[in-house]
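The values are calculated or read from the model by the stated rules, or taken from the named source; none is laboratory data. Bear in mind that the values here come from a model prediction, so they are computed numbers and not experimental data. Positions of Cβ are generated from backbone atoms using ideal geometry, with glycine treated the same way; all protein chains shown enter the neighbour counts. Only protein heavy atoms, including side chains, enter the accessible area calculation; ligands, DNA and RNA are left aside. Shrake-Rupley method; radii C 1.70, N 1.55, O 1.52, S 1.80 Å.
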Amino acid sequence: MNTASPGPQGQDAPDVTAILVAYDYRPDCLIEILHDVQAHLGYVPDSVVPQLARGLNLSRAEIHGVITFYHDFHRAPVGRHTVRICRAEACQARGCRSLEAHAAISLGVAFGETPADGDVTLEPTYCLGNCALGPAALVGDELIGMIDEARADALVAEARR
């Protein structure tokens, strides 16, 4: 597979033709295609949107709308690990704001950012479905309920090992 094709404004864009072929260029498979692009590249760069739009016969706006609607898609590189803190009302009532502040200070980043070491990306999320055990967080793929600052620090330290 060719690794790049001309992108907008002369940028090189990764070639995602093999992924489009695997789904037979079916526009109804857009979400699965985006997941595969992200699995392959680590994120869904804006530079691949025109190629996806052409291949699926969709507008760039339609592709962009799906990418930005679903919080699981990243438009920029993320860290090797992710920490998502639930910000829904139930978790707010159970203290997620202090957990957010602590995580931001201990990682040295705000929501949506990754430290210079590229290790952990801190992200907000809105409902992990663990409301009775809030505050809740998703550390990598592990759902954690009743998380506090000490447990968050331990989980991040463990993930970094």
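So what is the 222 nm mean residue ellipticity for the chain from helices alone, if each DSSP H run of at least 4 adds -39500 (n - 2.57) and you divide by all residues, rounding to the nearest 500 deg cm²/dmol?
Working: 7 runs with 65 residues, N = 161.
Here the helix-only value at 222 nm equals -11500 deg cm²/dmol.
Provide the per residue accessible area, probe 1.4 Å, for the chain, rounded to a whole number of square angstrom. Don't jump to the answer; show the numbers that get you there.
Values: 8810 Å² over 161 residues.
The answer is 55 Å² per residue.
Just tell me, in residue order, which DSSP H segments of the chain are both 15 angstrom or longer along the helix axis (alpha-carbon based) and at least -1.0 in mean Kyte-Doolittle hydropathy.
What comes out of the filter, once short or polar helices are dropped, is 30-41, 96-107, 149-160.
Once each part is reduced to its C-alpha centroid, what is the distance from segment 92-118 to segment 29-59 in angstrom?
29
Sort V48, V78, V156 from largest to smallest accessible area, using a 1.4 Å probe on the heavy atoms of the protein chains.
Largest to smallest exposure gives the sequence V78, V156, V48.
Give me the number: length gained by fully extending S59 to A93, i.e. 0.36 nm times residue separation minus the C-alpha to C-alpha distance, one decimal in nm.
Length gained, S59 through A93: 8.1 nm.
Cut-off 19 Å, label point 7 angstrom out along Cα-to-Cβ of Y25: give me the residues of segment 46-74 whose amide nitrogen falls inside.
From segment 46-74, the list is 48-63.
Check each of the chymotrypsin sites (Phe, Trp or Tyr not before Pro) in segment 65-155 and keep only those in coil by DSSP with at most 11 other C-beta atoms within 10 angstrom; list them in order. Show your work: numbers first, answer last.
Details: sites: F69, Y70, F73, F111, Y126; in loops: Y70, F73, F111, Y126.
Answer by residue number: Y70, Y126.
What number, in nm² with one decimal, is the all-direction average of the projected area of the convex hull of the alpha-carbon atoms of segment 69-114?
With the hull built on Cα positions only, its mean projection is 3.8 nm².
Magnitude of the Cβ-charge dipole of the chain, K/R +1 and D/E -1, about the Cα centre, nearest 20 debye?
180
By how many nm would the segment from T68 to H40 grow when fully extended, if each residue of separation counts as 0.36 nm and the alpha-carbon distance is taken off?
8.2 nm
Compute the label zone of E113 within segment 67-92: residues whose backbone N is under 20 Å from the point 7 Å along Cα-to-Cβ.
74-87
Give me the percent of accessible area attributable to carbon and sulfur for the chain, probe 1.4 angstrom.
Within the chain, the accessible surface is 53 percent carbon and sulfur.
Report the Cα-based extents of segment 6-143 along its three principal axes, largest first, to the nearest Å.
Result, largest extent first: 46, 32, 23 Å.
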